[in-house]
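Chemist: So that we are looking at the same thing, I have put the structure below in structure tokens.
Each reported figure results from applying straightforward, stated rules to the coordinates on display, with no laboratory input. Just so it is clear, the structure is predicted and the values come from calculations on it, not from any experiment. Glycine gets a Cβ as well: all are built from the backbone with ideal geometry, and neighbour counts include every protein chain shown.
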Amino acid sequence: MASILALDQGTTSSRCIEFNHLVQSISQAQLPFEQLYPHPGWVEHDPLTIWDTQYKTLQTVLSQALSKNTDIAALGITNQRETTLIWDRATSQPVYNAIVWQDRRTADYCKQLISQGYEALVTEKTGLLLDPYFSATKIGWILNHIDGVRQKAEQGQLAFGTIDTWLIWNLTQGKLHITDVTNASRTLLFNIDSLQWDTDLLELFNIPVSLLPEVKSSSEHYGVTNHPALEPDIPICGIAGDQQAALFGQQCWTPGMTKCTYGTGSFLVMNSGNTRTVSKHRLLSTIAWQIDNTTTYALEGSVFTSGALIQWLRDGLNLFKDASDSEALANSVDDNGGVVIVPALTGLGAPYWDPNACGAIFGLSRGTTSAHLCRAALESICLQVDDILSTMRQDADISINELRIDGGAVSNNLLVQLQADISSLTISRPTVLESTALGAAYLAGLASGIWTQQQLSELWLENRRFYCQQPSEQMNHLKSTWHKAVNRSLNWSDDQI
Ligand code: ADP
């Protein structure tokens with residue numbers, strides 16, 4: 001029976017998972033790697049370490065599969081998005097470290113472009129905001145700061161890539177210099193309507209077109225691996241950035257279907273159909289995937305601090321030993337006792353976008369206990385997600401009736417039930433929580449013909465469904481108190497961020 005391999009190149013580790021023909025994860029390998037912080041606000045990865053860790057996990061899983069005589073039908077790739085690399089086409093040597101999506105070194109340059117009035121143009125073409133998060137200003141930084149790089153780039157000697165492109169370059173020993181539409185749509189250089197690299201944007205950011213990879217769909221036979229230490233050659237058939245891969249892996253295949261990943265932060269992505277939705281609330285419009293010439297778009301909003309707040313209760317306040325203890329502690333009281341937490345530990349993301357908002361706890365009294373704080377913390381994770389869900393509903397003029405969830409925090413049943421109550425939604429928690437790798441495997445398996453979307457739907461397994469159980473008046477009261485608290489915490493710090 002045939003298997004599919006998924007490479008999941010994340011921010012802190014590289015993983016490879018083998019899925020069998022029933023889409024069960026049957027073997028996996030994972031290697032963490034070092035985060036480099038050369039200056040405050042800078043985050044880098046060593047590109048050779050990224051390749052080395054990814055390659056080793058692939059080799060481990062591949063040799064296990066071959067020892068069982070498994071036929072590997074195809075390989076799919078999903079990756080941390082926006083992270084930016086430039087390398088020499090002749091030697092495959094990077095000219096600088098990978099600049100990671102979290103890196104803020106180009107914040108001043110982005111502010112300058114905003115003050116010159118460029119953001120509307122950039123948003124219209126790319127669906128994104130003028131923020132250091134995305135690749136274009138990171139490419140510009142490498143071109144402008146590393147000796148000789150701009151000249152070599154202008155002579156066509158260098159290649160740019162996001163992590164998918166770098167992995168495929170290495171897997172094929174430089175035969176393929178490609179990316180897919182989902183990764184291209186995070187660079188600030190890709191026009192998400194024409195599906196082309198945009199000449200106006202290349203000019204604005206002063207980036208030579210010769211650097212750029214060819215843009216492909218998310219599911220097709222791109223080529224085969226061509227590496228002496230990886231035998232046999234494997235067809236490469238799927239590529240998607242991590243959040244889009246998770247949306248696909250959660251089978252959010254029709255407009256309005258939405259997934260939320262609850263990890264350090266929360267990442268909401270909604271399938272917005274075959275036309276792009278323009279957000280009035282600074283949510284991102286992005287490409288969800290392109291399959292067989294049909295492009296699907298998505299709306300995206302992120303909460304910066306969600307599971308991280310539980311970590312803070314654990315490590316900062318010592319309220320419990322393990323994040324999972326938060327469920328029993330919060331369940332030991334019937335309500336938050338009047339406490340509301342605004343978890344703006346690193347400012348607030350969508351839909352507030354206030355880097356100067358402060359973390360705050362309101363409503364303390366003599367009767368407040370650690371259990372009330374813990375319950376309010378779980379509520380605050382859900383209330384932030386609810387704000388984005390409401391914004392998505394308004395922007396897309398679509399009803400969201402069901403939310404599919406994944407990420408480390410969704411083992412907390414109370415958290416999930418609170419979300420169902422606060423957002424008046426049905427929530428579906430799948431059995432396989434590896435949505436990101438699953439999405440890459442689906443995309444590769446579809447292109448290689450081992451599955452159809454219909455068969456994948458039939459193989460979908462739900463672990464548990466959560467229904468709204470609380471009366472809406474009670475939830476409305478909670479939401480209005482929350483909004484009052486958020487308003488008090490906005491624009492608190494005077495720091496220039
Ligand atoms: P990431 O991929 O962002 O590193 P994970 O998906 O591994 O995150 O999830 C880890 C996060 O989830 C941590 O911030 C942790 O505090 C939180 N978390 C883990 N288990 C629970 C739980 N049972 N209840 C609440 N939060 C949890």
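Chemist: Quick one: if the Förster radius is 22 Å, what FRET efficiency do His483 and Asn274 give, using the C-beta to C-beta distance and rounding to 0.05? Can you show the working numbers first?
Modeler: On the way: r = 34 Å, r/R0 = 1.55.
That pair, His483 with Asn274, gives E of 0.05.
Chemist: Okay, next question. Could you work out the Rg to Rh ratio of the range 43-194, with Rh taken as the Kirkwood radius (inverse of the mean 1/r over all Cα pairs)? Please list the in-between numbers first.
Modeler: Values: Rg = 17.3 Å, Rh = 16.8 Å.
Rg/Rh for the range 43-194 comes to 1.03.
Chemist: I've got another one for you. State, to one decimal in nm, how far the label point of Glu124 lies from the label point of Ala2, with both points 7 Å from Cα in the Cβ direction.
Modeler: 4.5
Chemist: Under a Cβ-Cβ cut-off of 11 Å, what is the net charge of the residues other than Leu75 that fall near it, where Lys and Arg count +1 and Asp and Glu count -1? Could the numbers behind the result be given before it?
Modeler: On the way: positive: none; negative: Glu18, Asp233.
Summing Lys and Arg as +1 and Asp and Glu as -1 gives -2.
Chemist: Fully extended, how many nm does the chain gain between Asp200 and Asn293 (0.36 nm per residue separation, minus their Cα-Cα distance)?
Modeler: Values: separation 93, 0.36 × 93 = 33.48 nm, distance 2.46 nm.
Computed gain between Asp200 and Asn293 is 31.0 nm.
Chemist: Can you tell me, using C-alpha contacts under 8 Å and at least 6 residues apart, the relative contact order of the range 341-497 as a whole percent? Don't skip to the end; give the middle numbers.
Modeler: On the way: 177 pairs, mean separation 46.5, N = 157.
Normalised by residue count, the contact order of the range 341-497 is 30 percent.
Chemist: In degrees between 0 and 90, to the nearest 10, how far off the longest principal axis of the chain does helix 472-489 point, with axes built from Cα atoms?
Modeler: 70
Chemist: Using a Förster distance of 45 Å, how high is the FRET efficiency between Ser25 and Leu345, based on the Cβ-Cβ distance and rounded to 0.05?
Modeler: Values: r = 33 Å, r/R0 = 0.74.
Step by step, r from the Cβ atoms, then E = 0.85.
Chemist: Set Lys and Arg Cβ to +1 and Asp and Glu Cβ to -1, take the dipole of the range 187-327 about its Cα centre, and tell me which of Phe190, Ala240, Tyr297 lies farthest positive.
Modeler: Tyr297
Chemist: Here is a further query. For a label point 7 Å from the Cα of Trp492 along Cα→C-beta, name the residues of the range 371-402 whose backbone N is under 11 Å from it.
Modeler: none
Chemist: Moving on. Would you mind working out the magnitude of the charge dipole of the chain relative to its Cα centre, with +1 at each Lys and Arg C-beta and -1 at each Asp and Glu C-beta, to the nearest 20 Debye?
Modeler: Details: 31 positive and 50 negative charges, 87 e Å.
So the magnitude is around 420 debye.
Chemist: At a threshold of 8 angstrom on Cα-Cα distance, excluding pairs fewer than six apart, so keeping six or more, what relative contact order does the chain reach in percent? Before the final figure, lay out each step's value.
Modeler: Numbers: 1087 pairs, mean separation 70.7, N = 497.
For the chain, the relative contact order is 14 percent.
Chemist: Between Leu230 and Asp322, what FRET efficiency comes out of the Förster formula 1/(1 + (r/R0)^6) with R0 = 35 Å and r the beta carbon distance, rounded to 0.05?
Modeler: Values: r = 39 Å, r/R0 = 1.11.
Between Asp322 and Leu230 the formula returns 0.35.
Chemist: Going by average Cβ neighbours within 10 Å, how do the peptides 420-431, 176-187 rank, with the highest at the top?
Modeler: Working: 420-431: 18.5, 176-187: 26.5.
Highest-to-lowest ranking by the protection proxy: 176-187, 420-431.
Chemist: Right, next: Let me check I've understood the local charge: for Asn463, count other residues with C-beta under 15 angstrom from its C-beta, Lys and Arg +1, Asp and Glu -1. What total comes out? Intermediate values should be presented prior to the final figure.
Modeler: Numbers: positive: Lys259, Arg404, Arg429, Arg464, Arg465; negative: Glu402, Asp406, Glu434, Glu462.
Here the count lands on +1.
Chemist: How high is the relative contact order of the range 190-242, in percent, with contacts defined as C-alpha pairs under 8 Å that are six or more residues apart? List each step's numbers first, then the result.
Modeler: Details: 37 pairs, mean separation 12.9, N = 53.
This gives 24 percent for the range 190-242.
Chemist: Using alpha carbons only, what's the Rg to Rh ratio of the chain with Rh from Kirkwood?
Modeler: Values: Rg = 22.5 Å, Rh = 23.3 Å.
Radius of gyration over Kirkwood radius for the chain works out to 0.97.
Chemist: Determine, for each peptide in 254-264, 64-74, the mean count of other beta carbons within 10 angstrom over its residues, then list the peptides with the highest first.
Modeler: On the way: 254-264: 21.1, 64-74: 15.5.
Per-residue mean Cβ counts within 10 Å order the peptides as 254-264, 64-74.
Chemist: May I have the extent of the alpha carbons of the range 283-330 along their three principal axes, as whole Å values ordered from largest to smallest?
Modeler: 52, 19, 15
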